[in-house]
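J.: Take a look at the following structure, please.
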There are 2 protein chains.
Amino acid sequence: MTDDRLRVIGRVESSLTDRAAAPRQPDEGAPDAWLVFDDHYAPALDGLSPGTDALLLTWLDRADRDTLTVHPRGHTARPRAGVFATRSPDRPNPIGLHEIHILAIAGPRVHVRNLEALNATPILDLKPLLTPDR
Amino acid sequence: MTDDRLRVIGRVESSLTDRAAAPRQPDEGAPDAWLVFDDHYAPALDGLSPGTDALLLTWLDRADRDTLTVHPRGHTARPRAGVFATRSPDRPNPIGLHEIHILAIAGPRVHVRNLEALNATPILDLKPLLTPDR
């Protein structure tokens, strides 16, 4: 693989700053947040609009990449499971996958509902939910 | 971001070898395939079983990372759209996202149904479909 370096194309702007306090899933109290793309990537947002559901991919830069098994959701009473059977942020390639709902778009800034990513989390990609037409 | 280098944790083993001939979506005729993980990562598969649906993340290493807009699905008659509004493999971070169904697991090899990834595509991650319990 000759070009395997990730490009940080933007950052999350959120009131969430503490991993320990962050909700594990968006329906557990995550706040609205902004996706702030670098100006260079603004043309790549063309065609998205408020009301759209999409998938946000982030780089969970505070994760431990050498973890292979975890107690699901941190409950030590539960048996360990392989990280690929869990959504633990600790995994070899800590790519966060977030289903988002777009509230507004202002240039390279995208306002989204209920995002469980921490402030300043690097953004890697944004994809529409799968439809045959795209 | 101090550690932004992807780790190739395995490869796809598939009869698909030609990007031009590859189906764009799994329901368009993709063959069954094997996910072949490096032995080191076998413990991370613990807890997955045949019959499970999961999300596979790959690195689309033949993509053009400098493309910001495309004609959706390559139809030049359609107006260009930003790549974040499409599922084009050409995008700044060409991370492939594939919904898979696990048919069998044999050590570090996972047999899956209808995978539209090309042979030898690098594997980045495997996640369960989101459930509150994981």
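The values are calculated or read from the model by the stated rules, or taken from the named source; none is laboratory data. Just so you know, these numbers come straight off a predicted model, no measurement behind them. FYI the Cβ positions are ideal-geometry reconstructions off the backbone, even for glycines, and counts take in every protein chain you see. Calculation scope for accessible area: heavy atoms of the full protein, side chains included, ligands and nucleic acids excluded. Shrake-Rupley method; radii C 1.70, N 1.55, O 1.52, S 1.80 Å.
J.: Here are A:T131, A:T121: which of them is β-branched (V, I, T), surrounded by fewer than 17 Cβ atoms within 10 Å (Cβ to Cβ) and either at pLDDT below 95 or touching a strand residue (DSSP E or B) at 6+ places or on another chain (Cβ under 6 Å) (or both)?
T.: Every option except A:T131 fails the conditions.
J.: Let me ask something additional. Give the residues of segment A:67-80 that are under 28 Å from B:D39 (Cβ atoms) and at pLDDT below 95, sorted by residue number.
T.: The answer is A:H71, A:P72, A:R73, A:G74, A:T76, A:R78, A:P79, A:R80.
J.: Hey, another quick one. Of all residues being more than 9 Å from chain A (Cβ to nearest Cβ) and open to solvent by 40 Å² or more (accessible area, probe 1.4 Å) in segment B:61-73, which is farthest from A:L124 (Cα to Cα)? Just the residue, please.
T.: Residue satisfying both the conditions and the ranking: B:H71.
J.: I'd like the full set of residues that are among the hydrophobic types (A, V, I, L, M, F, W, C) and part of a loop (DSSP other than H, G, I, E, B), limited to segment A:30-51.
T.: Within segment A:30-51, A:A30 is the sole residue that qualifies.
J.: Tell me yes or no: at least one residue of segment A:73-84 is touching a residue at least 24 places away in the same chain (Cβ under 8 Å) and on the phi < 0 side of the Ramachandran plot.
T.: No, because not a single residue in segment A:73-84 is touching a residue at least 24 places away in the same chain (Cβ under 8 Å) and on the phi < 0 side of the Ramachandran plot.
J.: Here is a further query. Here are A:T76, A:T86: which of them is open to solvent by 50 Å² or more (accessible area, probe 1.4 Å) and among the hydroxyl-bearing types (S, T, Y)?
T.: That would be A:T76, the only listed residue that is open to solvent by 50 Å² or more (accessible area, probe 1.4 Å) and among the hydroxyl-bearing types (S, T, Y).
J.: Do the conditions hold for A:N114, that is, is it outside any strand (DSSP E or B), farther than 20 Å from B:P128 by Cα, of a type outside the set (S, T, Y) and touching a strand residue (DSSP E or B) at 6+ places or on another chain (Cβ under 7 Å)?
T.: When the stated conditions are applied, A:N114 does not pass them.
J.: Do we have any residue at all in segment A:52-62 that's in a loop (DSSP other than H, G, I, E, B), out of contact with any Phe, Trp or Tyr (no Cβ under 9 Å at 6 or more places or on another chain) and charged (D, E, K, R)?
T.: Among the residues of segment A:52-62, at least one is in a loop (DSSP other than H, G, I, E, B), out of contact with any Phe, Trp or Tyr (no Cβ under 9 Å at 6 or more places or on another chain) and charged (D, E, K, R), which makes the answer yes.
J.: I would also like to ask the following. Among A:D90, A:D64, A:D38, which is under 30 Å from B:T69 (Cβ atoms) and not basic (K, R)?
T.: A:D38
J.: Still on this structure, please answer the following. Can you tell me which residue among B:D46, B:D90, B:D18 is farther than 22 Å from A:V8 by Cα and more than 10 Å from every other protein chain (Cβ to nearest Cβ)?
T.: B:D18
J.: Name every residue in segment B:52-66 that is among the small types (G, A, S) and at pLDDT 95 or above, in order of residue number.
T.: B:A54
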